[in-house]
Amino acid sequence: MPSETILLRHGEATGNHALKASRNGDMSMYSKEFLNQDSKTWPLTTTGREQAILTGKWIRSTHGTKFDAYFTSDYTRAVETAGLLGIEDAHWKIDLRLRERDWGGVERLPHPDFVRAFELATIPFQENSYDWKPPGGETTSSVIMRFKSFLIDLSV
């Protein structure tokens, strides 16, 4: 097992920005094109790119630039974030186990519609939150098992 592992989430993506705006009543980002776009292709916003660059500066100043391995999910925002960290000679490997939780497509909904979509699905969630899954999505337990498998492979 590596003695030190850095886990990093991507910078702000267009989907994060749209959801935050919708919580404040601004639905302007929810165009037909946006609603039809696969969430894994959401790019970083200007803020997200700035976050990635600043995070890269911090990593380089506190941990250097040489690591044993570099992994990212295949999501556009994750690949962009990895590239903007500014780590020289990093050869990023895509690992699908590092994907975010699959929400079954509801992650593209504005906040009010997202809440409505789960009103009927909350009873099973309250009973066993680890085994509950959004319609068409995956359980928290599945996400944990995916990530555990990734960590086990790191230790080999």
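Determine the gain in length on full extension of the stretch residue 95-residue 66; use 0.36 nm per residue of separation and subtract their C-alpha separation, reporting nm with one decimal.
Details: separation 29, 0.36 × 29 = 10.44 nm, distance 1.98 nm.
The span from residue 95 to residue 66 would gain 8.5 nm if fully extended.
Sort out for me the Cα centre separation of the range 94-116 from the range 1-79, rounded to whole Å.
Measuring centre to centre over Cα atoms gives 14 Å.
Rg and Dmax of the range 39-156, using alpha carbons, in Å: what are they?
When restricted to Cα atoms, the range 39-156 yields Rg and Dmax of 17.3, 49 Å.
Would you please give the FRET efficiency between residue 8 and residue 119, computed as 1/(1 + (r/R0)^6) with r the Cβ-Cβ distance and R0 = 41 Å, to the nearest 0.05?
On the way: r = 34 Å, r/R0 = 0.82.
Efficiency computed from Cβ-Cβ geometry: 0.75.
Note down the relative contact order for the chain as a percent, whole number, built from C-alpha pairs under 8 angstrom at least six residues apart.
25 percent
Just from its helices, what would the mean residue ellipticity at 222 nm be for the chain, if runs of 4 or more DSSP H residues each count -39500 (n - 2.57) and the sum is divided by every residue, rounded to the nearest 500 deg cm²/dmol?
Calculated from helices alone, the mean residue ellipticity at 222 nm is -14000 deg cm²/dmol.
Toward the positive end of the charge dipole of the chain, about the Cα centre and with charges on Cβ (Lys, Arg +1; Asp, Glu -1), which of 83, 103, 42 goes farthest?
Value: 83.
Express the accessible area of the range 23-156 per residue in Å², computed with a 1.4 Å probe while the remaining protein chains stay in the model.
Using a 1.4 Å probe on heavy atoms only, each residue of the range 23-156 averages 63 Å².
Roughly how much of residue 155 is accessible, in Å² to the nearest 10, using a 1.4 Å probe?
Surface accessible to solvent at residue 155 totals approximately 60 Å².
The values are calculated or read from the model by the stated rules, or taken from the named source; none is laboratory data. This structure is a prediction, so every number in the text was calculated from the model and none was measured. Here the Cβ is made from the backbone with ideal geometry for all residues, glycine too, and neighbour counts use every protein chain on show. Areas reflect the complete protein model, heavy atoms only, side chains present, ligands, DNA and RNA absent. Shrake-Rupley method; radii C 1.70, N 1.55, O 1.52, S 1.80 Å.
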